[in-house]
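Q: Here's a structure for you.
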Amino acid sequence: MRQQYGTTPAGPGEYRDKTAELVRPKDAATLIVVRAGTQPTILMGKRAASHRFMPNKFVFPGGRLDLIDQRLNVPGDLCSPVLKRLRKATRKNITDQKLRGLALAAIRETFEETGIVVGRPATRCVTTRNPIWRDYLRHGVEPPLEHMDFIARAITPPYHTRRFDTRFFLVHDRFIHNDPERVSEISGELNEVHWLTLDQARKLDLPAITRWVIDRVEARLKLTPNKQLIQSAPFVRFIKGAMLSEEL
């Protein structure tokens, strides 16, 4: 089962001892930024070797949901089909504001880790004390929530010491506000940040879940952007040691 989902070899302390208490997954979000062309490219980077979770693996930018992501008062909202998919298989106390916050977290983490500003021209002034969001908003943009697709969800298996309930979002390059070639390694979270074709990405050292998501991206890109937004999203998780997958 680990070979289907996890990483090999594991980083130091990545797998929990069987006697250790089960770790509850933390909400997280990832953003797949797609540049169009005869061979579409996606933005990926290599996780630092010092990370306990998936060190040295190539992944999409992303990270944990922060409280500010749920509280940031920006215009717009996720489109109805996307929000409907996000609501499925969630606890009753999960609000739409939190689901919206996950999409915002994906944009914030992408900006923080790569310097790429995913946004559209701002329609009104938004203020915040959060330094990362403040720097993002200084570019005169706001998140293009209506055009963000939710394409997959996965929960890290219970044998890991760190677990995440990750939603994978996708957005197209027409919402890149700055120069896409000027990617940077600002936070130290990701190294070797590159635009890669899907075939180039598959040749890298990837977590199995990332490889699986790339296949979903390839299938999505065969459709028009409007049709992409209404497609289902797979949800992978483990229950009593068995890996289950369902469509949301």
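The values are calculated or read from the model by the stated rules, or taken from the named source; none is laboratory data. As the structure is a prediction and not an experimental result, all values here were calculated from the model. Methodologically, a virtual Cβ is constructed for each residue, glycine included, from the backbone with ideal geometry; neighbour enumeration extends over all protein chains shown.
Q: Scan the stretch 109-117 and give yes if some residue there is of a type in the set (A, V, I, L, M, F, W, C), in contact with a Lys or Arg (Cβ under 7 Å, 6 or more places away or on another chain) and modelled with pLDDT of 90 or more, otherwise no. Before the answer, list the steps.
A: If we filter the stretch 109-117 for residues that are of a type in the set (A, V, I, L, M, F, W, C), which is where we start, we get 111, 116-117.
If we keep only those that are in contact with a Lys or Arg (Cβ under 7 Å, 6 or more places away or on another chain) too, we end up with none.
No - not one qualifying residue is present in the stretch 109-117.
Q: Ok, one more. Mind checking whether some residue in the stretch 165-181 is part of a helix (DSSP H, G or I), buried (at least 19 other Cβ atoms within 10 Å of the Cβ) and of a type in the set (D, E, K, R)?
A: If we filter the stretch 165-181 for residues that are part of a helix (DSSP H, G or I), which is where we start, we get 173-175.
Okay, now just the ones that are also buried (at least 19 other Cβ atoms within 10 Å of the Cβ), so none.
No, the stretch 165-181 contains no residue that is part of a helix (DSSP H, G or I), buried (at least 19 other Cβ atoms within 10 Å of the Cβ) and of a type in the set (D, E, K, R).
Q: Continuing with this model, one more query. Residues of the stretch 139-166 being at pLDDT 90 or above, under 27 Å from T128 (Cα atoms) and not acidic (D, E), which ones?
A: Residues satisfying the conditions are H139, G140, V141, P143, P144, L145, H147, M148, F150, T166.
Q: Can you find, within the stretch 102-143, the residue that is surrounded by the most Cβ atoms within 10 Å (Cβ to Cβ) among those that are among the basic types (K, R) and more than 12 Å from D69 (Cβ to Cβ)? Step through it out loud before you land on a result.
A: Filtering the stretch 102-143 for residues among the basic types (K, R) gives 108, 120, 124, 129, 134, 138.
Imposing the further condition that a residue be more than 12 Å from D69 (Cβ to Cβ) reduces the set to 120, 124, 129, 134, 138.
Details: R120: 18, R124: 8, R129: 7, R134: 12, R138: 9.
Per the criteria, the residue is R120.
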